[in-house]
Amino acid sequence: MSDANSCLFYQSRTPRPFLDYGEGIYLFDETGKRYIDGSSGAMVSNIGHSNPRVLAKMKAQMDKATFGYRLHFRTHPSEDLAAKTVAMTPEGLDRVFFVSGGSEAVESAVKLARQYAVTQGQSSRHRVISRFPSYHGCTFGALDLTGYDPLREPFAPMLEGMPKVAAPATYLDRDDLSEEERGLKYAELLRDRILEEGPENVLAFLMEPVGGASTGALVAPDSYYGRVREICDEFGVLLIYDEVMTGAGRTGKFLAAEHWGITPDIVAMSKGFGAGYAPLGAIVASARLVEPVLDAGGFLHGFTYAGNPLACSAGLAVLEELEDQGLIGNAAKMGEVLMAGLRELMDRYPFIGDVRGKGLLTAFEFVSDRATLAPLPPSLDAHARLVELAYERGLIIYSRRTRGGTAGDHFLIAPPLIITEAQIGDIMAILRDALDAFAKEAGLPIAE
Ligand code: PMP
């Protein structure tokens, strides 16, 4: 059923209430009902809702100027935000380009890579390899890089058909390899694909360091990350990390890349970067790439709203909150508490087959059989039903029905980075209640 109104065409199975206000990790609807924002919306609201310091800084900017076109004026918020972003990212990522969302960030990263290659006399490089499954956005370029068929199907004839390699959904693998060997095995798929495409044609490899919406917090074995970097370097292929979901502290480091000591050539960020206070995103790139492009006449790309002073004042205030409140460290700490809670759920619910994640980007996945990891029957509509049962009980979680090439129900738990241990306890209590109700409805066993 879709909500009956004329200005939106979002589909929702159940009518949604009108949002009234937000406060910290909570959202309140117009009837006064309170919801724990257990997924930070779509992994966006990293510093929680209605932070008064952020609002005050935005208001101060609003009173001065909300817009000044970037070709007409420099602005302090945009330059200060760029400097702060560079200071918070690892060395070697030293130039920032602003956008207003995740798809824009991904497209900007790819176009920068392409223009750089052209300046290097490598015009044949135009193929961008990404992974399956993956999500990189819904605009044409980003959609072509997205490995998720249901979203691509109607548009397939209009897409170039960029190459994909399997994302390392190693929890589904049934072989005798060690985790390290599995990571290397998946990295070799990239090498094989580069050779198949012809290295001279391959521009870049694009990956989410921790999978998001499409894979449910998929973390690769440690060995994967370094080997992918080596393979890219071997063939002069640029490495682009899509940190739209993982960036700005979500996984317990400012960039997820830092967990593995990787410096990508370009990083795309959005979601937590504006944290819901403004539509904002950025690419952060190595000066080695940017300088030749500027020398050759500039980046042939840019969005009207990009880098506007109001959005940048919000972004700057968000990064200041991350630092002042020590929220990135809290994400690492609370992530462990949350993961321990999710692992405990596995003792009670045999139909939870896997629990995974990094920092406060965590997920659990349903199976009908832990031995085979076969998914639950689609007729149970588990991914939608558990979300509804949690919502009724005042907890917002995020779900999808896709995994490693097969359909499986997974659920993301990714609360704001300000969350406390007691609040994680509240999430787990509601989640258990919702899981009990789901098991009862679906006729699935519970280990009491
Ligand atoms: N990349 C990733 C990893 C994402 O998770 C998303 C959004 N879910 C996007 C890109 C696209 O972002 P947006 O919806 O802001 O365009």
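No value in this document is a laboratory result; all are computed from the given coordinates. Just so it is clear, the model here is predicted, and its values are computed rather than measured. We place every Cβ from the backbone using ideal geometry, glycine too, and count neighbours over all the protein chains shown.
Here's the picture: charge each Lys and Arg Cβ at +1 and each Asp and Glu Cβ at -1 in the chain, and of Ile283, Gly425, Leu145 the one pushed furthest to the positive end of that dipole is Ile283.
Using the empirical formula 2.2 N^0.38 Å as the baseline, the Cα radius of gyration of segment 151-275 reaches a ratio of 1.09.
Its DSSP H runs of at least 4 residues, each contributing -39,500 (n - 2.57), put the calculated 222 nm mean residue ellipticity of the chain at -12000 deg cm²/dmol, to the nearest 500.
Compute the separation of the alpha-carbon centres of segment 191-232 and segment 77-107 and state it in Å as a whole number. For segment 191-232 versus segment 77-107, the Cα centre distance is 22 Å. Here segment 366-390 and segment 269-336 have alpha carbon centers that stand 36 Å from each other. Too long at a 24 Å Cα-Cα cut-off: which of Lys185/Lys358; Lys33/Lys253; Lys59/Lys271; Lys164/Lys333? Distance filter (> 24 Å) returns Lys33/Lys253; Lys164/Lys333. For segment 298-351, the alpha carbon convex hull comes to 183 Å³ per residue, rounded to a whole number. Backbone amide hydrogens, once placed in the peptide plane, bring Thr146 within less than 5 Å of His136, excluding anything fewer than 5 places away on its chain. Here the simple spin-label model places points 7 Å from the Cα toward Cβ, and for Arg152 and Tyr69 these points are separated by 3.8 nm.
Annotation: aspartates and glutamates with alpha-carbon distance below 18 angstrom to Lys64 (same-chain offsets under eight excluded): Glu79, Asp80.
Counting neighbouring Cβ atoms within 10 Å and putting the fewest first, the residues Phe235, Phe155 line up as Phe155, Phe235. Please label the shape of segment 81-227 as rounded, prolate or oblate, based on the square roots a ≥ b ≥ c of the eigenvalues of the alpha-carbon gyration tensor (a/c under 1.5 means rounded; beyond that, a/b larger than b/c means prolate, else oblate). Because its axes are fairly even, with a/c under 1.5, segment 81-227 counts as rounded.
Which value, in debye to the nearest 20, describes the size of the charge dipole of segment 54-324 about its Cα centre when Lys and Arg Cβ atoms bear +1, Asp and Glu Cβ atoms bear -1, and nothing else is charged?
Values: 25 positive and 37 negative charges, 175 e Å.
My answer is approximately 840 debye.
Highest average first, the peptides 136-146, 376-386, 265-275 ordered by how many other beta carbon atoms sit within 10 Å of their residues are 265-275, 136-146, 376-386. Remark: segment 328-341, residue by residue, has Karplus-estimated 3J(HN,Hα) of 6, x, 5, 4, 5, 5, 5, x, 5, 4, 5, 4, 4, x Hz, where x stands for each Gly or Pro and the curve is 6.51 cos²θ - 1.76 cosθ + 1.60 at θ = phi - 60°.
Residues whose amide H comes within less than 5 Å of that of Leu395, counting only those at least five positions distant or on another chain, are Ile36 (H built at 1.01 Å from N in the peptide plane). Determine which residues of segment 323-347 fall in the zone a paramagnetic label at Arg370 would reach in this model, i.e. backbone nitrogen under 19 Å from the point 7 Å along Cα→Cβ. Only 339-347 pass the distance filter. Rounded to whole Hz and in sequence order, give me ³J(HN,Hα) for segment 100-107 from the Karplus expression 6.51 cos²θ - 1.76 cosθ + 1.60, θ = phi - 60°, writing x for Gly and Pro. 3J(HN,Hα) across segment 100-107, in whole Hz: 10, x, x, 4, 4, 5, 4, 4. What the pair-distance distribution of the chain shows, using all Cα-Cα distances binned every 20 Å from zero, is 25, 58, 17, 0 percent.
Each peptide in 118-130, 279-291 was scored by the mean count of other Cβ atoms within 10 Å over its residues; highest first, the order is 279-291, 118-130. In this structure, Asp192 and Arg53 have a Cβ-Cβ separation that, at R0 = 51 Å, corresponds to a calculated FRET efficiency of about 0.50.
The calculated FRET efficiency for Ala87 paired with Ala422, based on their beta-carbon distance and R0 = 35 Å, is about 0.60.
If the chain between Leu300 and Ala287 were fully stretched, how many nm would it gain, using 0.36 nm times the residue separation less the Cα-Cα distance? Display every interim value, and only then the final one.
Working: separation 13, 0.36 × 13 = 4.68 nm, distance 1.67 nm.
Going from the current span to full extension adds 3.0 nm.
I'd like the antiparallel share, as a percent to the nearest 5, of DSSP beta bridges with both residues in segment 54-324.
On the way: 10 of 24 bridges.
Antiparallel: roughly 40 percent of the beta bridges in segment 54-324.
Across all directions, the shadow cast by the convex hull of segment 94-179 built on its C-alpha atoms averages 8.6 square nanometres.
For Glu23 and Met62 in the same chain, what is the full-extension length gain: residue separation times 0.36 nm, less their Cα-Cα distance, in nm?
Values: separation 39, 0.36 × 39 = 14.04 nm, distance 2.15 nm.
Gain on stretching Glu23 to Met62: 11.9 nm.
Sorted fewest first by neighbouring Cβ atoms within 10 angstrom, Glu91, Glu258 come out as Glu91, Glu258. Amide hydrogen proximity for Phe132: with H placed 1.01 Å from N in the peptide plane, the residues at 5 or more positions away or on another chain lying under 5 Å are Val165, Ala166, Ala167. Computed from the Cβ-Cβ distance with R0 of 35 Å, the FRET efficiency linking Ser178 to Glu441 stands at 0.30. Were the residues from Asp233 through Phe140 laid out at 0.36 nm apart, the gain over their Cα-Cα distance would be 30.7 nm.
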